[in-house]
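The values are calculated or read from the model by the stated rules, or taken from the named source; none is laboratory data. Keep in mind that this is a model prediction, so the values were computed, not measured. Every residue, glycine as well, gets a Cβ built from its backbone with ideal geometry; the counts of neighbours run over all protein chains shown.
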Amino acid sequence: MKLAYVGLPCQLQALRKLQLFSREIGQDWAGNVSLTVGLFCRENWAYSCLRALVEDDYGIKLSEVEKFDIKKGKMLLYRSGEVIQEIPLPETKPYVRVGCEVCLDFSAELADLSVGAVGSPPKYSTVIVRTKRGMELLRKAERQGYVEVKHISEVKPGTKLVLKLTKEKRDENLAEAERRERAGYAARHISTMGEQEPAKLVAEAKNRSFADLEAHVIDAGMCVSCGACVAVASEQLEMVDERPRLKEGADGRVEKAYLACPRTSMPVMLMAERLFRGEDVKSDSLGKYIDIFAVRATEKAALKRYQDGGAVTALLLCALNAGDVDGAIVAKRDQNWRPIAAFAESEEELRESGGTLYCYVTNLPLLREVASR
Ligand SMILES: Cc1cc2nc3c(=O)[nH]c(=O)nc-3n(C[C@H](O)[C@H](O)[C@H](O)COP(=O)(O)OP(=O)(O)OC[C@H]3O[C@@H](n4cnc5c(N)ncnc54)[C@H](O)[C@@H]3O)c2cc1C
């Protein structure tokens, strides 16, 4: 099975780690992902926190919100195409997931294609093409009429803003990681970014128990709820309220889960080396990439439901119809904006999954289930 995977920067890191250590973990299902789309991300909110912010603080029922967006320092809530509430971002900060505050990746540097709003005009998405595979898909989608493409240098505001947000996130979160380190909560995923010896990380994961995962990641406020640990050790672990928990009766020896976790270690250099081997890429503070474009879907009627330019959905539709992938792991929601990880294998399911959920969607356990079919 060939799968596409849409995820946030931390989810891409988790996926790449699963691919890097598939032999040591003894599971190769992550290798079925042949196309990755990463979303730009400054931060996100746990569902319960988003609900508390919108329903308790602002008295608006989530079921009455049609779309969320973040623009110019505000979270915007829409109904019938109109903004019904603006929430200044500083007011949302206490609700941000603590695990996001030590993440250094804004633009999903380990994806084939990274997509966000900043950098492009309204109704366009900014697409950073990082790999040959990503470039082939973008060009195919353009040729076949799924998308219109402009070079980022032809539009305003351009990459300046993407670079600014990338730097801001990195600087602020590095400072937070240092603060935590001084308080005794080591950010292992940051200190291992330059690690070149995979064997060292495998050895460090040896004989680890769930108590180690709790101490180093979950209780230390580092967990991002990606579910990589649950995906590789579902007989031992489960997600409860977005936190990994030991199942009743499990023995707690979670060596594979400890190795899979993107917060116990994150050898970004090794992962990037593997991803970009043989690629002709440039490298700057946006990571490695081939080029950057402003892209919008040509399907006008559908644009309304997509978040920005609809580039993600249009590119996935092209990949599906061309037979490049059999389906995609995406995010959906119920009527109260509760996030649901979903497998979309038809045009209709892909279109339904368009739009942004600003809360976290644990999707790696679903990826394992689908990829193992
Ligand atoms: C939590 C979060 C924070 C973001 N922060 C920024 C930011 O600071 N700056 C910026 O420029 N862009 C940010 N984005 C990206 C932006 O909101 C759009 O997703 C992106 O521009 C793509 O728009 P589109 O119209 O091309 O996508 P669409 O065609 O609408 O498709 C969106 C795709 O993303 C998937 N998706 C939606 N929500 C999630 C989720 N929570 N987890 C995994 N997949 C999801 C959908 O299932 C769909 O496949 C963020 C996205 C998220 C989810």
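Please pick out the residue among Glu82, Glu86, Glu64, Glu101 that is touching a helix residue (DSSP H, G or I) at 6+ places or on another chain (Cβ under 8 Å) and among the acidic types (Asp, Glu). Going through Glu82, Glu86, Glu64, Glu101 in turn, just one is touching a helix residue (DSSP H, G or I) at 6+ places or on another chain (Cβ under 8 Å) and among the acidic types (Asp, Glu): Glu101.
Yes/no matrix, rows are residues, columns are (1) surrounded by fewer than 24 Cβ atoms within 10 Å (Cβ to Cβ); (2) more than 10 Å from the ligand (Cβ to nearest atom); (3) hydroxyl-bearing (Ser, Thr, Tyr):
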position	(1), (2), (3)
Gln27	yes, yes, no
Ala30	no, yes, no
Val37	no, no, no
Ile60	yes, yes, no
Met75	yes, yes, no
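Look through Leu35, Leu15, Leu53 and report the one residue that is part of a helix (DSSP H, G or I), in the same structural domain as Lys93 (by TED's automatic domain parsing) and under 24 Å from Thr131 (Cβ atoms). Lay out the reasoning, then the answer.
On the way: Leu35 fails: part of a helix (DSSP H, G or I); Leu53 fails: under 24 Å from Thr131 (Cβ atoms).
Checking each option against the conditions leaves just Leu15.
Scanning the stretch 321-356 for residues that are within 12 Å of the ligand (Cβ to nearest atom) and aliphatic (A, V, I, L, M) yields Ala328, Ile329, Val330, Ala331, Ile340, Ala341, Ala342, Ala344, Leu350.
Say whether the condition of being more than 30 Å from Asp219 (Cβ to Cβ) and modelled with pLDDT of 95 or more is met by at least one residue in the stretch 100-110. So that I can check it myself, show each step before the final result.
First, the residues of the stretch 100-110 that are more than 30 Å from Asp219 (Cβ to Cβ): none.
No, every residue in the stretch 100-110 fails to be more than 30 Å from Asp219 (Cβ to Cβ) and modelled with pLDDT of 95 or more.
Restricting to the stretch 74-97, name every residue that is of a type in the set (Val, Ile, Thr) and more than 24 Å from Val37 (Cα to Cα). Explain how you work it out, then say what you get.
Restricting attention to the stretch 74-97, the residues satisfying the condition of being of a type in the set (Val, Ile, Thr) are 83-84, 87, 92, 96.
The answer is Val83, Ile84, Ile87, Thr92.
Does Thr356 fit the bill of being assigned by TED's automatic domain parsing to the domain that holds Gly81 and either among the charged types (D, E, K, R) or in a helix (DSSP H, G or I) (or both)? Steps first, answer last, please.
Working: assigned by TED's automatic domain parsing to the domain that holds Gly81: yes; either among the charged types (D, E, K, R) or in a helix (DSSP H, G or I) (or both): no.
No: the conditions fail for Thr356.
Applying the condition of being closer than 17 Å to Asp280 by Cα and of a type in the set (A, V, I, L, M) to the stretch 108-157 and asking which residue is farthest from the ligand (Cβ to nearest atom) yields Met135.
So that you can scan it fast, the table gives a plain yes or no per residue for (1) hydrophobic (A, V, I, L, M, F, W, C); (2) within 14 Å of the chain's Cα centre (by Cα); (3) closer than 26 Å to Leu201 by Cα:
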{"site": "Ser34", "(1), (2), (3)": "no, no, yes"}
{"site": "Val37", "(1), (2), (3)": "yes, yes, no"}
{"site": "Leu50", "(1), (2), (3)": "yes, no, no"}
{"site": "Lys61", "(1), (2), (3)": "no, no, no"}
{"site": "Gly99", "(1), (2), (3)": "no, yes, yes"}
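In summary, Ser225 fulfils each of the numbered conditions (1) under 24 Å from the mean Cα position of the chain (by Cα); (2) among the hydroxyl-bearing types (Ser, Thr, Tyr); (3) surrounded by fewer than 21 Cβ atoms within 10 Å (Cβ to Cβ) with the single exception of condition (3). Taking the stated definitions as given, is Thr92 assigned by TED's automatic domain parsing to the domain that holds Val115, of a type in the set (Val, Ile, Thr), touching a Phe, Trp or Tyr at 6+ places or on another chain (Cβ under 9 Å) and part of a helix (DSSP H, G or I)? Answer is yes for this residue.
Name the residue that is farthest from the chain's Cα centre (by Cα), counting only residues in the stretch 181-194 that are assigned to a helix (DSSP H, G or I) and crowded, with 18+ Cβ neighbours inside 10 Å.
As a first pass, look at the stretch 181-194 and keep what is assigned to a helix (DSSP H, G or I): 181-182, 188-191.
Narrowing further to those that are crowded, with 18+ Cβ neighbours inside 10 Å: 188-190.
Working: Arg188: 20, His189: 16, Ile190: 18 Å.
Ranking the qualifying residues of the stretch 181-194, first place goes to Arg188.
Confirm whether Ala272 is in contact with an Asp or Glu (Cβ under 9 Å, 6 or more places away or on another chain), under 18 Å from Val129 (Cα atoms) and assigned to a helix (DSSP H, G or I). When the stated conditions are applied, Ala272 passes them.
For the stretch 223-236, check the following and say yes or no: at least one residue is in contact with a Cys (Cβ under 7 Å, 6 or more places away or on another chain), within 26 Å of Thr36 (Cα to Cα) and free of Cβ contacts under 8 Å to residues at least 40 places away in the same chain. The answer is yes; a qualifying residue exists. Return the only residue of Ala371, Ala344, Ala331 being of a type in the set (A, V, I, L, M, F, W, C) and closer than 24 Å to Glu64 by Cβ. After ruling out the rest, the residue left standing is Ala331.
Restricting the stretch 278-318 to residues that are among the hydrophobic types (A, V, I, L, M, F, W, C) and surrounded by fewer than 23 Cβ atoms within 10 Å (Cβ to Cβ), which is nearest to the chain's Cα centre (by Cα)?
Step one: of the stretch 278-318, the residues among the hydrophobic types (A, V, I, L, M, F, W, C) are 281, 286, 290, 292-295, 297, 301-303, 311-312, 314-318.
Now narrow it down to the ones that are surrounded by fewer than 23 Cβ atoms within 10 Å (Cβ to Cβ): 281, 286, 290, 292, 301-303, 318.
Working: Val281: 22, Leu286: 16, Ile290: 20, Ile292: 19, Ala301: 27, Ala302: 23, Leu303: 22, Cys318: 21 Å.
Filtering the stretch 278-318 for residues that are among the hydrophobic types (A, V, I, L, M, F, W, C) and surrounded by fewer than 23 Cβ atoms within 10 Å (Cβ to Cβ), the one nearest to the chain's Cα centre (by Cα) comes out as Leu286.
Of these, Glu43, Glu66, Glu55, which one is within 16 Å of the ligand (Cβ to nearest atom) and either more than 30 Å from Phe276 (Cβ to Cβ) or hydrophobic (A, V, I, L, M, F, W, C) (or both)?
Working: Glu43 fails: either more than 30 Å from Phe276 (Cβ to Cβ) or hydrophobic (A, V, I, L, M, F, W, C) (or both); Glu55 fails: within 16 Å of the ligand (Cβ to nearest atom).
Selected residue: Glu66, the only one of Glu43, Glu66, Glu55 that is within 16 Å of the ligand (Cβ to nearest atom) and either more than 30 Å from Phe276 (Cβ to Cβ) or hydrophobic (A, V, I, L, M, F, W, C) (or both).
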